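Reviewing the structure listed below.
The values are calculated or read from the model by the stated rules, or taken from the named source; none is laboratory data. Just so it is clear, the model here is predicted, and its values are computed rather than measured. Cβ coordinates were reconstructed from backbone atoms using ideal geometry, including for glycine residues, and neighbour counts include every protein chain displayed. For accessibility, only protein heavy atoms count, side chains too; no ligands or nucleic acids. Shrake-Rupley method; radii C 1.70, N 1.55, O 1.52, S 1.80 Å.
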Amino acid sequence: MKKTIQTDRLVLRTPSVSDVSALVQALNNYEITKWLAKVPHPYTDVDAQQFIAANADKAHPTYHIYHDGRLIGGVGLGGLVGLGYWLIPDAWGKGYVTEASGALLARHFTDANAQAVTSGYQSS
């Protein structure tokens with residue numbers, strides 16, 4: 001089942017097989033994947049298909065971030081309910097992660113029993 005979240009500028013939706021090509025293109029950029037914990041490099045169609053299939057039944061799915069119909073990143077709550085994200089480089093510095101994360105967290109906390117969310121960062 002596809003899940004969607006709409007913001008002023010973005011559409012967040014759970015990944016589908018139609019995302020494979022754009023996902024492979026984005027995640028073959030080492031400037032993105034070097035910051036991610038569990039993404040193989042190079043990233044292949046098989047990797048994308050496996051990610052999409054594994055994401056389908058998660059309690060906290062990852063969402064792809066779309067701006068003007070273009071895949072620009074991903075955001076999700078995973079692990080011990082930790083917030084994680086990635087963006088393509090030309091989407092950096094435009095407030096997309098703030099907007100996407102805010103929308104995802106707002107949805108998460110509509111549940112009175114929602115777990116606390118943690119987040120952190122890596123620096124170079």
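Observations
- Partner aspartates and glutamates whose Cα lies under 15 Å from the Cα of LYS34, excluding those fewer than 8 positions away in the same chain, are not found.
- You can think of it this way: the chain between SER16 and ASN28 has 2.5 nm of extra reach, that is 0.36 nm per residue less the Cα-Cα gap.
- Using alpha-carbon coordinates, inclination of helix 96-108 to the longest axis of the chain, degrees: 40
- Overall, the chain carries a charge dipole of about 160 debye about its Cα centre when +1 sits on the Cβ of Lys and Arg and -1 on the Cβ of Asp and Glu, all other atoms neutral.
- Between ALA114 and GLN50, the modelled labels are 3.2 nm apart [label points 7 Å from Cα along Cα→Cβ].
- Using a Gaussian network model of the chain in which every pair of alpha carbons under 10 angstrom is joined by a spring, one finds that among ALA48, ALA91, ALA112 the greatest mean-square fluctuation is at ALA112.
- ³J(HN,Hα) computed for each position of region 20-36 - Karplus, 6.51 cos²θ - 1.76 cosθ + 1.60, integer Hz, glycine/proline x: 3, 4, 5, 5, 4, 4, 5, 7, 8, 8, 4, 5, 8, 5, 5, 9, 9
- In the set (i) 2, 10, 16, 16, 15, 13, 11, 8, 6, 3, 1, 0; (ii) 2, 12, 25, 28, 21, 10, 2, 0; (iii) 2, 10, 22, 25, 22, 13, 4, 1, 0, the label that goes with P(r) over Cα pairs in 5 Å bins from 0, in percent computed for this structure is (iii).
- Scattering profile of region 1-58 at q = 0.13, 0.26 Å⁻¹ [log10 I(q)/I(0), Debye over alpha-carbon scatterers]: -0.37, -1.10
- Most simply put, the chain has about 95% antiparallel DSSP beta bridges, counting only bridges with both residues inside it.
- Taking the accessible area of the chain, probe 1.4 Å, and keeping the other protein chains in place, the carbon and sulfur fraction comes to 54%.
- Computed helical MRE - 222 nm, the chain, DSSP H runs ≥ 4 contributing -39500 (n - 2.57), nearest 500: -8000 deg cm²/dmol
- Cα-based helix-to-principal-axis angle, 45-55 vs the chain, degrees rounded to 10: 10
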